[in-house]
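Peer 1: Got a structure for you, questions after.
We did not get these values from a lab; they are worked out from the coordinates using the rules stated. Remember, it's a predicted structure, so these values are computed and weren't measured experimentally. Positions of Cβ are generated from backbone atoms using ideal geometry, with glycine treated the same way; all protein chains shown enter the neighbour counts.
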Amino acid sequence: MTRRNRTMAPLTALLTAAALLTTGCGTTGTTHTPRAVSDPGAPAHEAAGGQAGKAAPGPQRPPGPLLSLPGLGPRTLGAVPAHTRQALVVTGEGRDKSRGTAVLYERDRPGAPWRPGPAWPTHNAVRGWTDKHVHGDLRSPVGVFSLTDAGGLLPDPGTKLTYDSGPAFTATGTGSAGEPLAGSFDYVIAINYNRRPGTTPLDWTRPLGADRGGGIWLHVDHDGPTQGCVSFEKKVMKHLLRTLDPAKKPVVVMGDASSLRR
């Protein structure tokens, strides 16, 4: 598959990024006032109260190939497309918890056994998870979402996903525990929740409406909860960018453990 890279966001994307930092990763206001991304102060993307600190260690890596994705119930498994060969499963510690664990599963062909990768610690939204994410709820959406587009402040590290880089991905200010947000958007992967696939992560289109939030990303962890995104250590984000392959129709399966078992 031909890799399509964007080396610089256009002016409209820069304005979009400013709005994103104002209204929040995981939320979209019905109205907003763009500001420069270098504007000091904590961007609402992450500036919300909640438990901070390092993400909790995850469970041990499952052994050997698996006929089904572990921890997922029939409803969740039914939402994973049959043609998908890469599934990033993010399992939250609890409905109202902001920590979890992620494992990337891969298979050679549809119907073949899944091969698990290592378990990585994650952060999610301050208030945990929700089945119906709305603007300002400070929760991450539960569901199965495709992964098609990426970007970041840093240059493309060698991804097969469409990659958009430039200063529009600058993060400033502090998070919920006063932790610096600088570097959080060095690498991002857009989660296709209430967005238009095939566009930069900075695209402002919200098919479900602005009240259902948006701007939900995988991004670099800043040692604290997010406002709706899922965050990983920087080296893990780089690995994901280099590993995820559009030809394998990658998805993220995300939610608290009890919701994923449905």
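Peer 1: Quick check on my link table: of K160/K234; K132/K235; K160/K235; K160/K238, which ones sit more than 24 Å apart, alpha carbon to alpha carbon?
Peer 2: With Cα atoms farther than 24 Å apart: K132/K235.
Peer 1: Sorted by packing (mean other beta-carbon atoms within 10 Å per residue), highest first, where do 151-160, 108-117 land?
Peer 2: 151-160, 108-117
Peer 1: Let me ask something additional. If the chain between D245 and D96 were fully stretched, how many nm would it gain, using 0.36 nm times the residue separation less the Cα-Cα distance?
Peer 2: 50.4 nm
Peer 1: Pull up all non-local amide H partners of T130: gap of 5 or more, or a different chain, and H-to-H distance under 5 Å with H placed in the peptide plane.
Peer 2: When sequence neighbours closer than 5 places are left aside, the close amide H contacts are S140, V142.
Peer 1: I'd like to compare 201-210, 92-101: which one has the highest average count of other Cβ atoms within 10 Å, and what's the full order after that?
Peer 2: Result, highest mean first: 92-101, 201-210.
Peer 1: A further question follows. Taking 0.36 nm per intervening residue step and subtracting the Cα-Cα distance, what contour gain separates L77 from S258 on full extension?
Peer 2: 63.8 nm is the gain from fully extending L77 to S258.
Peer 1: Right, next: What order do you get for 140-149, 165-174 when each peptide is scored by the mean count of other beta carbon atoms within 10 Å, highest first?
Peer 2: Taking the mean over residues of other Cβ atoms within 10 Å, the ranking is 140-149, 165-174.
Peer 1: D211 to S68: extension gain in nm, 0.36 nm per residue of separation minus the Cα-Cα distance?
Peer 2: Difference between extended and current length: 48.0 nm.
Peer 1: For E233, which sequence-distant residues (separation of 5 or more, or a different chain) have an amide H within less than 5 Å of its own amide H, given hydrogens modelled in the peptide plane?
Peer 2: D221
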